[in-house]
Amino acid sequence: MRYIGVILVFMACAAVVGTAEPGFSRSDLGAEPRNLNGQRNGPKPPGWRNVGPTEPGIIANMAAHPSGAVYLASMGGGVRKSNDFGATWKSVNAGLPPGALSFAMDASGPGTVYVGVFSAAATAPGGVFKSTDGGTTWELSPATANMVPLALEADPSNPGTVFMGALGGPLRKTTNGGATWTISFNPMSPIGSVQIDPTNGNNVYLATLAGAWRSTDGGENWTRMATLTAPNVWGIGIDPTSPNVLYAATNDNGVWRSIDSGITWQALSPPLTADSVAVDPTDPNHIYAATRTGVWSSGDAGATWQLSGLTDRGAYSIVADSGVLYAGTTLGAAISYDQSATWIDADPDLGGAHAFGYAIAADPNTEGRLFASTLGSTIAITTDAGATWQPSNEGYLSREVRGINVDPTDPLRVYAGSFYAAGLFKSVDGGATWTNVLTNPAWSVTFVDAASDIVYATSKTAGVFKSTDRGNTWFAINNGITNLTMGRSAPVVLDPENPKVLYVGSEAGGGVYKSRDAGASWTPINFGLDTSVYGLVMDPFRPKTLYASGPSGVYKTLTGGEEK
């Protein structure tokens with residue numbers, strides 16, 4: 001699956017309205033009495049509670065073997081394994097950080113597997129982990145430490161040969177099972193997937209957000225498949241019975257096919273947003289595409305298509321093996337034994353992959369309305385303060401939203417985007433010229449108000465900074481902040497009732513910190529919270545209500561994070 005990092009720079013302003021708190025059930029709050037207006041008079045639940053969104057950002061990546069071994073890897077769910085074609089499952093996560101992004105099975109058999117893990121914690125770096133005992137134990141490949149492996153693919157005919165596409169673009173290759181890696185190619189674009197010809201390991205195909213590429217010498221040299229004109233390619237599928245026949249899953253341009261190993265291509269399907277495509281090895285006329293609206297299928301080699309299953313959820317990955325279909329969906333994994341006519345939940349105990357919450361923004365115009373983005377998907381919206389969520393992505397082609405903001409004067413005007421930033425720059429002439437005022441890579445800037453000279457900034461790896469002269473000079477304010485890797489969408493948030501009360505979030509396991517003295521000191525407020533925080537926002541109508549987003553979704557507090 002895909003991951004693209006970005007930055008959000010925004011300020012949370014608030015007005016206070018004393019109404020009842022939505023977003024928690026009665027069981028959350030207990031049976032405390034209410035007044036005549038329906039407001040709760042009893043105590044509010046302490047700390048933080050998970051409130052969604054229900055749609056996961058990273059969906060199951062799956063690998064299957066004819067012996068009946070099936071692996072399922074997902075952000076939040078980790079690695080799960082079945083030895084009986086998906087009938088029963090168990091977790092095989094010992095020694096793995098949370099956050100599985102990609103998965104591959106070695107040519108030697110289902111006992112040797114690789115998982116690509118994203119981790120923001122300095123004490124538990126991510127990278128490519130290998131198991132040689134079917135997932136019982138795992139070992140990090142040192143050369144990949146702290147990388148973000150978006151795609152993994154093992155050569156099905158050469159044990160120990162694996163390709164890995166990482167965040168930022170380089171495609172790496174190992175021929176010794178991960179002991180060493182070399183750069184094979186850099187398409188200068190995030191890599192969606194790698195596929196290898198099952199009959200000839202020299203033929204390798206690469207799907208990226210900037211098009212598709214092919215190699216005929218095992219990754220030594222690469223040629224762009226220029227006739228595949230769709231700008232964003234998520235996945236490549238190979239017909240195992242005729243490996244010269246390829247299929248491509250594209251963003252908003254549907255499924256394409258090549259019958260000459262990628263030299264020429266033609267569009268086949270309606271203009272779907274397809275994330276993955278697979279060919280039935282027992283009947284190559286049957287092709288399956290995983291899309292946001294479910295699984296689309298063709299029984300005539302792509303001449304006609306129909307929506308054939310999982311229409312109640314989005315499907316993001318699909319594997320066809322020995323007459324069985326496995327799909328990674330927004331509610332976990334699903335299995336079909338009848339060419340997608342019917343589906344069953346593959347692993348009900350997993351409960352679906354968790355949503356990886358990234359940016360989060362509250363509508364200052366509308367009570368209870370928030371937008372959140374998740375890693376690998378687009379935007380989710382809630383109008384009831386997190387009780388329920390719906391997709392909000394019609395017409396938004398990017399799947400990697402990292403910044404969201406709502407016009408404070410018009411709730412219909414919402415902005416979303418993604419980009420990195422380096423140091424902090426300031427302009428005093430409307431943008432004609434700029435001055436670098438903070439050399440540390442900055443994630444966000446927060447102004448107190450128009451009359452104040454105080455400005456706060458969060459940095460990528462150096463904590464929180466404060467300026468008392470409108471941003472001309474800065475000094476660090478990190479007393480009590482033990483994890484200086486700040487949340488890229490978690491700016492300093494101000495309490496509008498007390499400007500000395502501040503909140504900030506850390507990606508690296510620090511969680512949310514609170515200051516009661518304008519940043520002179522900080523204390524963690526993480527009761528009930530997944531402590532890797534990417535986004536942080538205050539309810540514009542209730543300064544004690546905050547939302548934090550991270551690898552396990554969106555969390556909510558009604559008490560300013562306090563435990564009582």
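The values are calculated or read from the model by the stated rules, or taken from the named source; none is laboratory data. Here the structure is a predicted model, which is why all the values come from computation and not from measurement. Methodologically, a virtual Cβ is constructed for each residue, glycine included, from the backbone with ideal geometry; neighbour enumeration extends over all protein chains shown. Remember, those area values only see protein heavy atoms, side chains included, never the ligands or the DNA or RNA. Shrake-Rupley method; radii C 1.70, N 1.55, O 1.52, S 1.80 Å.
Summing Lys, Arg as +1 and Asp, Glu as -1, what charge do residues with Cβ under 10 Å from the Cβ of Leu272 carry, Leu272 excluded? Display every interim value, and only then the final one.
Working: positive: Arg292; negative: Asp252, Asp275.
Around Leu272, the surrounding residues sum to -1.
Ratio of Rg to Rh for segment 410-563, alpha carbon only, Kirkwood?
Value, to two decimals: 0.96.
Could you give each residue of segment 98-110 its phi-based ³J(HN,Hα) in whole Hz, using Karplus coefficients 6.51, -1.76, 1.60 with θ = phi - 60°, and x for Gly or Pro?
x, x, 6, 9, 8, 8, 8, 10, 5, 5, 6, x, x
Once you wrap a convex hull around the alpha carbon atoms of segment 74-223, what is its projected area averaged over all directions, in nm²?
Value for segment 74-223: 8.6 nm².
Tell me, what HN-Hα J-couplings in whole Hz come from the Karplus equation 6.51 cos²θ - 1.76 cosθ + 1.60 at θ = phi - 60° for each residue of segment 252-265, using x for Gly and Pro?
6, 10, x, 9, 10, 9, 10, 10, 9, 6, x, 6, 10, 9
Output ³J(HN,Hα) for segment 475-480: one whole-Hz value per residue in order, computed from phi by the Karplus curve 6.51 cos²θ - 1.76 cosθ + 1.60 with θ = phi - 60°, and x for Gly and Pro.
Computed from phi, the couplings for segment 475-480 are 9, 6, 10, 10, 5, x Hz.
Suppose all protein chains stay in the model; what accessible area per residue would a 1.4 Å probe give for segment 165-319, in Å²?
Per residue, segment 165-319 has 35 Å² of solvent-accessible surface.
Ranked highest first by average number of other Cβ atoms within 10 Å, how do 502-513, 274-285 line up?
502-513, 274-285
Asp252's amide H: which non-local residues (gap 5+, or another chain) put their own amide H closer than 5 Å, with H modeled 1.01 Å from N in plane and none for Pro or chain starts?
Thr273, Ala274
Tell me which residues come under 5 Å, amide H to amide H, from Ser308 once H is placed; ignore anything under 5 positions away on its chain.
Val295, Trp296, Ser297
Summarise the accessible area of segment 423-529 (1.4 Å probe, protein heavy atoms) by the percent that is carbon and sulfur.
Working: 2500 of 4480 Å².
Carbon plus sulfur share of accessible area: 56 percent.
With a sphere of radius 10 Å drawn around the Cβ of Gly323, what net charge do the other residues whose Cβ falls strictly inside it have (Lys, Arg +1; Asp, Glu -1)?
Values: positive: none; negative: Asp280, Asp283, Asp321, Asp338.
Net of charged neighbours comes to -4.
I'd like to know how segment 218-343 sits against the 2.2 N^0.38 Å rule of thumb: what's its Cα Rg over that expected value?
Dividing the Cα radius of gyration by 2.2 N^0.38 Å gives 0.99.
Quote the relative contact order of segment 431-564 in percent (integer), defining contacts as alpha-carbon pairs under 8 Å separated by 6+ residues.
Working: 342 pairs, mean separation 21.2, N = 134.
So the answer I get is 16 percent.
For the cross-link pairs Lys90/Lys514; Lys44/Lys500; Lys44/Lys466; Lys466/Lys544, which exceed 30 Å when the distance is taken from alpha carbon to alpha carbon?
With Cα atoms farther than 30 Å apart: Lys90/Lys514; Lys44/Lys466.
Just want to confirm a number: the relative contact order over segment 486-526, from Cα pairs under 8 angstrom separated by 6+ residues, in percent.
Over segment 486-526, the number comes to 30 percent.
Within 10 Å, count the other beta carbons around each residue, average over each peptide in 265-273, 156-164, and list them highest first.
156-164, 265-273
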